[in-house]
Amino acid sequence: MIRTVGLVAKYHEAKAAQMVRWLIPWLRKRGKKVCVENGLTPRGAHSCTKKEMAAQADLIISLGGDGTLLNIAPLVVRPEVPILGVNMGGLGFITEVAADELKSVLGKTLAGDYEVEKRMTLEVRVISKKGRLRRFRVLNDAVIAKGARSRIIDLETYVGDEYLCTYRADGLIISTPTGSTAYSLAAAGPILEPTLGAIVLSPICPHTLTNRPIVVPSDAPIHVTLRSFGDTVILSPDGQKGLRLNNGDKVEVRDFGLPVSLIKLPSRSYYEILREKLKWGER
């Protein structure tokens, strides 16, 4: 049963702030406790951090674009907690509910009449040459990329225990099926149906043109070691933060083991979303 609803929204977005002000009394009238992300809280509303929301809420509503949802999704480690992504105007592959559909969809959701789609997440571990360990969880991708003034970089890459290659490129995108329609797509990566158990490796501007994107099974951990001296190289998990890498640092990526549950509209298939967003079949 849904007792507590968490609200996250795109900062400084007038439409999102207006939606938050409408949702709070609407949800309270239906007996729901509402937890609003810090910085968005109207007077009299209960505020909380994203971590607190992920731990307490029975339903999370994300108002904005895909980036807003990517901010909260990695923190939700209870697969039974669904996330309702509301698209406030961007392209939005994972925020498939339009703002004018929210009232109808939310009413059904609170009544228990909804479907969820389980989306794989990845664990990203960064192990420095000195042994320091950093961990991240991503829903879309982990991107290793050179800085604006850096030269081409070398990335020694293994899939499981098998040596794949050493990419000489501007970077490497390691993505989930959900992330296959994000940065990976712009790097000529394939589109994967989002419930598949697979990982995509897409090199960014590879020096060798035959270095094409490759799809590997999700049970095979990816090991990438930076083999470049003196270059600025950044790891970006889900585009949310940047962590500088040094020569010899290792990035390990594997299935996190816990999916994220996204509420989906039964009336709209994934292929319909692709046709609509990517304008397939239009002349």
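For 116, 36, 143, which order do you get if you count the other beta carbons within 10 Å of each Cβ and list the fewest first?
Details: 116 18, 36 21, 143 25.
Sorted ascending by nearby Cβ count, the order is 116, 36, 143.
What are the ³J(HN,Hα) couplings of the range 216-230, residue after residue, when phi is run through the Karplus curve with 6.51, -1.76, 1.60 and θ = phi - 60°? Round to Hz, x for glycine and proline.
10, x, 6, 8, 9, x, 9, 10, 10, 10, 6, 10, 9, 9, x
Which lysines does residue 29 reach when only Cα atoms under 26 Å apart count, and residues fewer than 8 places away in its own chain are ignored?
10, 15, 50, 51, 103, 108, 264
Straight-line reach from residue 33: which aspartates and glutamates fall under 12 Å, measuring Cα to Cα and dropping same-chain residues less than 8 apart?
Within reach: 58.
Once you've got the GNM for the chain with C-alpha springs shorter than 10 Å, pick whichever of 187, 220, 111 has the biggest mean-square fluctuation.
Its mean-square fluctuation being the largest, the pick is 111.
If you fit an axis through the alpha-carbon atoms of helix 14-29 and take the longest principal axis of the Cα set of the chain, what angle between them do you get, 0 to 90°, nearest 10?
50 degrees
What is the distance, in nm, between label points placed 7 Å from the Cα along the Cα-to-Cβ direction at residue 77 and at residue 148?
About 3.7 nm separates the two model spin labels.
Over its Cα atoms, what ratio of radius of gyration to 2.2 N^0.38 Å does the chain give?
Here the answer is 1.06, to two decimals.
Hey, which lysines would be in cross-link range of residue 130, C-alpha to C-alpha under 21 Å, not counting anything within fewer than 8 residues on its own chain?
Within reach: 250.
Which value results for Rg/Rh of the range 122-255 when Rg is the Cα radius of gyration and Rh the Kirkwood radius based on the inverse mean 1/r?
Looking at the range 122-255, the ratio lands at 0.92.
For labels at residue 186 and residue 49 in the simple 7 Å Cα→Cβ model, what's the distance in nm?
Taking the two extended label points, one gets 3.1 nm.
To the nearest 20 debye, what charge dipole does the chain have about its Cα centre, counting +1 at the Cβ of each Lys and Arg and -1 at the Cβ of each Asp and Glu?
1040 debye
With only Lys, Arg, Asp and Glu charged, each at its Cβ (+1 for the first two, -1 for the last two), find how big the charge dipole of the range 122-255 is about the Cα centre; round to the nearest 20 debye.
Numbers: 17 positive and 14 negative charges, 147 e Å.
For this selection, approximately 700 debye.
Convert each backbone phi in the range 190-195 into a coupling constant with the Karplus relation 6.51 cos²θ - 1.76 cosθ + 1.60 (shift: θ = phi - 60°), then list the ³J(HN,Hα) values in order as whole Hz, x for Gly and Pro.
x, 8, 10, 4, x, 9
Among 163, 270, which comes first, second and so on when ranked by fewest other beta-carbon atoms within 10 Å?
Ranking 163, 270 by Cβ neighbours within 10 Å, fewest first, gives 163, 270.
Every number in this text was worked out from the coordinates using simple rules, so none of it is lab data. Note that this is a predicted model, so its numbers are computed, not measured. Every residue, glycine as well, gets a Cβ built from its backbone with ideal geometry; the counts of neighbours run over all protein chains shown.
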